[in-house]
Amino acid sequence: MTEKLSEYKKKRDFERTSEPLGGKGSSKEKIFVVQKHDASRLHYDFRLEMDGVLKSWAVPKGPSLNPKDKRLAVMTEDHPLDYAGFEGSIPKEEYGGGTVMVWDKGTYENKSSKDGERVAMKEALEKGHLSFELKGGKLKGEWALVRMRGKGGRNWLLVKADDKESSKKKDILKEDKSAKTARSLREIANP
Ligand code: MN
């Protein structure tokens, strides 16, 4: 569809992987998705709809409900919007080979601000500080993504804001069934 996804397309052979090629338009409600990805190293891909694509971060340890946990989130290439529904296996020898689960999905609301004024997500992204409220099945309440200095600006931190949805005790990663099909990673890998 757009030049925006050229890096995404370059990395993949769509004759071999069932991942989407991209092309669906944008909906009014902005979506988010977290995909658990059992690749060479297990991680969680955190994606936010922005400007017709999914801005994406790989979170090695996954999200935490504890506001004291600052989870490294490495920015990766933009993904097409219809990637949000992708669940299945990417062939081993292909880019990102392994099993993908739609671990959580829903919509989000921009909460980014500066000096008490609402700032557009795109601007907040450029400034390196995004705030948003997640309305998912597993992840709720306010969250922030904050860019770290150095490393070409690809390293961010994903942090839960201190609110009624935060928890110092609950390990949300133990909720381990697909938000789309209620399957486990193993069931997705061996359908
Ligand atoms: Mn991934």
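The values are calculated or read from the model by the stated rules, or taken from the named source; none is laboratory data. All figures in this text were calculated on a predicted structure; none of them were measured in a lab. With ideal geometry, Cβ positions are generated from the backbone for all residues, glycine too; neighbour counts draw on all protein chains shown.
Of the residues R47, R71, R16, which single one is touching a His at 6+ places or on another chain (Cβ under 8 Å) and basic (K, R)?
Being touching a His at 6+ places or on another chain (Cβ under 8 Å) and basic (K, R) holds for just one of R47, R71, R16, which is R47.
Name the residue that is nearest to G137 (Cα to Cα), counting only residues in the stretch 77-95 that are buried (at least 17 other Cβ atoms within 10 Å of the Cβ) and without any contact (Cβ under 8 Å) to a residue 60 or more places away in the chain.
A84
In the stretch 62-85, how many are basic (K, R) and out of contact with any Leu (no Cβ under 7 Å at 6 or more places or on another chain)?
Qualifying residue count for the region: 1.
Counting just the residues of the stretch 142-175 that are in contact with an Asp or Glu (Cβ under 8 Å, 6 or more places away or on another chain) and charged (D, E, K, R), which one comes out nearest to D45 (Cα to Cα)?
Top of the filtered list is K160.
Could you tell me whether any residue of the stretch 22-33 is at pLDDT below 90, assigned to a loop (DSSP other than H, G, I, E, B) and either within 15 Å of the ligand (Cβ to nearest atom) or at positive phi (or both)?
yes
Say whether the condition of being in contact (Cβ under 8 Å) with a residue 12 or more places away in the chain, crowded, with 19+ Cβ neighbours inside 10 Å, in contact with a strand residue (DSSP E or B) (Cβ under 8 Å, 6 or more places away or on another chain) and among the β-branched types (V, I, T) is met by at least one residue in the stretch 101-112.
Within the stretch 101-112, one or more residues are in contact (Cβ under 8 Å) with a residue 12 or more places away in the chain, crowded, with 19+ Cβ neighbours inside 10 Å, in contact with a strand residue (DSSP E or B) (Cβ under 8 Å, 6 or more places away or on another chain) and among the β-branched types (V, I, T).
Every residue, every condition in (1) crowded, with 19+ Cβ neighbours inside 10 Å; (2) more than 14 Å from K36 (Cβ to Cβ), yes or no:
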{"site": "K127", "(1), (2)": "no, yes"}
{"site": "G153", "(1), (2)": "no, yes"}
{"site": "W156", "(1), (2)": "yes, yes"}
{"site": "V159", "(1), (2)": "yes, yes"}
{"site": "E175", "(1), (2)": "no, no"}
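With the checklist (1) within 20 Å of S6 (Cβ to Cβ); (2) outside any strand (DSSP E or B); (3) within 14 Å of the ligand (Cβ to nearest atom) in hand, flag the one item W57 doesn't pass.
The number of the failed condition is (2).
Tally time: how many residues in the stretch 122-141 are over 19 Å from D45 (Cα atoms) and touching a residue at least 60 places away in the same chain (Cβ under 8 Å)?
Adding up the residues that qualify gives 1.
Are any residues in the stretch 73-106 within 14 Å of the ligand (Cβ to nearest atom) and closer than 20 Å to D171 by Cβ, and if so, which ones?
A73, M101, V102, W103
Are any residues in the stretch 150-175 more than 18 Å from S56 (Cα to Cα) and modelled with pLDDT under 95, and if so, which ones?
G150
Out of the residues in the stretch 39-54 that are crowded, with 18+ Cβ neighbours inside 10 Å and among the acidic types (D, E), state the one that is farthest from the ligand (Cβ to nearest atom).
E49
Can you name every residue in the stretch 129-163 that is more than 18 Å from the chain's Cα centre (by Cα) and closer than 18 Å to D104 by Cβ?
The one that is more than 18 Å from the chain's Cα centre (by Cα) and closer than 18 Å to D104 by Cβ: D163.
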